[in-house]
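Asker: Dumping the structure here so I can ask a few things about it.
Laboratory data are not the source of any read-out in this text; all were calculated from the coordinates shown. Predicted model, so just to flag it, every value in this text is computed and none were measured. Neighbour counts run over all protein chains shown; Cβ positions are idealised from the backbone, glycine included.
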Amino acid sequence: MDIPYTVEVRRDTGLTNGKIGIWLFLASEVMLFGALFASYILIRTGAPSWPRGDTILDVPLATFNTIVLISSSVTMVMAWASLMRGRFGTFRIYMGATILLGFVFLVVKYFEYSHHLHLGEYPSTNNFLAIYYTLTGLHMLHVFGGMVVNAYFWGPGAKLWKTNPVWFTNRVEHSGLFWHFVDLVWIFLFPTLYLL
Amino acid sequence: MTSDHAADIDRRVKIYITVFVALMALTIITVAVSYLDLPLPIAVTVALLVAIVKGSLVACYFMHLISEKKVIYAVLALTALFFAALLALPIFTVNDGYWIHE
């Protein structure tokens, strides 16, 4: 039996099931990160003193990573636009670039973490580092998850393009929504952790 | 693919590139402002305002929220309500916080 409403929209919602599904998932993600942001505010406002992020963390490296992640959002949306134009080859290039940029982000984060751990700065060292590792660690897991899904659509999942291009385009759009959300979270993480 | 459809995608691509340039510029502004050593309340306000503008650009254009269906807006409105409540919780702890400590 075919999965219903993958291509045609439901009359009650005006959307495909996948679209409404990914937005409901993103709503739950907002609450997940929201809980952590609320914890951060609570701990910071309750602390007698709090270090500025730039005295501990590497701002130029994080700025570079911000540029990388924003660029990956653009390549992601261009991958979707390529499918909308019917250009599968261009999709592969943009999607490949998105995965590569995600990988660059993780590599930079690896060096950042290694540097801190080498200095003996662990999550248990102080509240600032505990929050830093928790928020950026969870965000990194999301980047990795998004890369796995994008890699599937770049590779084995792409065969759906031949049999049902509209469904494949919708899937890439949903995967893109998740990827942009990950970018959006970083847009807030960067100033709150590194610059303030 | 009709010519109207192709023209619509071309128009969208131009918007994506414009948004990308705006996001890069705003990132530079965020970092530049942090070097001004502003008082913390002003620094927080500026950083969050810029982040809100950047986030809105991503949500509106990359995530197509600017032209989405009502169901999605309803889901997000509910999420925003609960998110605001979640972020408001710490305020009660700094303003006396009697109902938390009792």
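Asker: Relative to the longest principal axis of chain B, what angle (0 to 90°, nearest 10) does the C-alpha long axis of helix B:3-34 take?
Answerer: Orientation of helix B:3-34: about 30 degrees from the principal axis.
Asker: Where nothing but the Cβ of Lys and Arg (+1) and of Asp and Glu (-1) is charged, how large is the charge dipole of the protein assembly as shown around its Cα centre, in debye to the nearest 20?
Answerer: In total the dipole reaches around 940 debye.
Asker: With an 8 Å cut-off on Cα pairs and a minimum separation of 6 or more residues, tell me the relative contact order of segment A:24-121 in percent.
Answerer: 24
Asker: Calculate one ³J(HN,Hα) per residue across segment A:58-74 by plugging θ = phi - 60° into the Karplus curve 6.51 cos²θ - 1.76 cosθ + 1.60, and present them in order as whole Hz with x for glycine and proline.
Answerer: These are the phi-based 3J(HN,Hα) values: 8, 5, x, 5, 5, 5, 4, 5, 5, 4, 4, 5, 5, 4, 5, 5, 5 Hz.
Asker: I need to check one value: relative contact order of chain A, counting alpha carbon pairs closer than 8 Å and at least 6 residues apart, in percent. Please list the in-between numbers first.
Answerer: Working: 161 pairs, mean separation 61.5, N = 196.
Worked out over chain A, it gives 31 percent.
Asker: Per DSSP H run of at least 4 residues, take -39500 (n - 2.57); add these up for the protein assembly as shown, divide by its residues and hand me the 222 nm value, nearest 500 deg cm²/dmol.
Answerer: Details: 10 runs with 223 residues, N = 298.
Helix contribution divided over all residues of the protein assembly as shown: -26000 deg cm²/dmol.
Asker: Counting every Cα pair in the protein assembly as shown, what percent are over 29 Å apart?
Answerer: When all Cα pairs of the protein assembly as shown are counted, 39 percent exceed 29 Å.
Asker: Separate question: Under a straight-distance cross-link criterion of Cα-Cα below 19 Å, which lysines are reachable from B:Lys54, leaving out those fewer than 8 residues away in the same chain?
Answerer: The qualifying lysines are B:Lys14.
Asker: Give the lysines reachable from A:Lys162 as a straight Cα distance under 23 Å; neighbours fewer than 8 places away on the same chain don't count.
Answerer: A:Lys19
Asker: If each residue's Cβ is checked for other Cβ atoms within 10 Å, how do A:Glu112, A:Glu173 rank with the fewest at the top? Walk me through the intermediate numbers first.
Answerer: Working: A:Glu112 17, A:Glu173 21.
Fewest-to-most Cβ neighbours within 10 Å comes out as A:Glu112, A:Glu173.
Asker: Could you compute the FRET efficiency for B:Ala80 and A:Thr163, with r as their C-beta to C-beta distance and R0 at 45 Å, rounded to 0.05?
Answerer: Efficiency at R0 = 45 Å is approximately 0.70.
Asker: Further question: Taking the beta-carbon count within 10 Å as an exposure proxy, list A:Met1, A:Met78 from fewest neighbours to most.
Answerer: Least to most surrounded, the residues fall as A:Met1, A:Met78.
Asker: Could you line up B:Val31, B:Val13 from fewest to most neighbouring Cβ atoms inside 10 Å? Walk me through the numbers before you get to the answer.
Answerer: Working: B:Val31 20, B:Val13 16.
Ordered by Cβ neighbours within 10 Å, fewest first: B:Val13, B:Val31.
Asker: Another question about this same structure. List the residues, sorted by chain then number, that are 5 or more residues from A:Thr16 or on another chain and whose placed amide H is less than 5 Å from its amide H.
Answerer: Under 5 Å from the amide H of A:Thr16 lie the amide H atoms of A:Arg10, each far enough along the sequence or on another chain.
Asker: In percent, how large is the relative contact order of chain B, given Cα pairs closer than 8 Å and 6 or more residues apart? Don't skip to the end; give the middle numbers.
Answerer: Numbers: 22 pairs, mean separation 22.4, N = 102.
Relative contact order, chain B: 22 percent.
Asker: When only alpha-carbon atoms count, how far does segment B:1-101 stretch along each of its three principal axes, as whole angstroms with the largest first?
Answerer: 64, 39, 10
Asker: Relative to the longest principal axis of the C-alpha atoms of chain A, give the angle of the C-alpha long axis of helix A:127-154, reported between 0 and 90° and rounded to the nearest 10°.
Answerer: Orientation of helix A:127-154: about 20 degrees from the principal axis.
Asker: Can you give me the Cα centroid spacing of segment A:77-115 and segment A:122-170 in angstrom?
Answerer: Value for the Cα centre distance between the two parts: 11 Å.
Asker: Continuing with this model, one more query. Counting Lys and Arg as +1 and Asp and Glu as -1, what is the net charge of the other residues whose Cβ lies under 14 Å from the Cβ of A:His115?
Answerer: Residues near A:His115 contribute -2 overall.
Asker: How large is the charge dipole for chain B, taken about the Cα centre, if only the Cβ atoms of Lys, Arg (+1) and Asp, Glu (-1) carry charge, to the nearest 20 debye? Don't jump to the answer; show the numbers that get you there.
Answerer: Numbers: 6 positive and 7 negative charges, 71 e Å.
Around 340 debye, computed over chain B.
Asker: Another question, then. Once both axes come from the Cα atoms, what is the angle between helix B:40-57 and the longest principal axis of chain B, in degrees from 0 to 90, rounded to 10?
Answerer: That helix lies at roughly 30 degrees to the long axis.
Asker: Related question: Please compute the average number of Cβ atoms from other chains found within 10 Å of each residue's Cβ in peptide A:25-38.
Answerer: Whole-number average of other-chain Cβ neighbours for A:25-38 is 4.
Asker: Let me ask something else. Let me check I've understood the local charge: for A:Gly146, count other residues with C-beta under 13 angstrom from its C-beta, Lys and Arg +1, Asp and Glu -1. What total comes out? Please list the in-between numbers first.
Answerer: Details: positive: none; negative: A:Glu29, A:Asp183.
Once positives and negatives cancel, what remains is -2.
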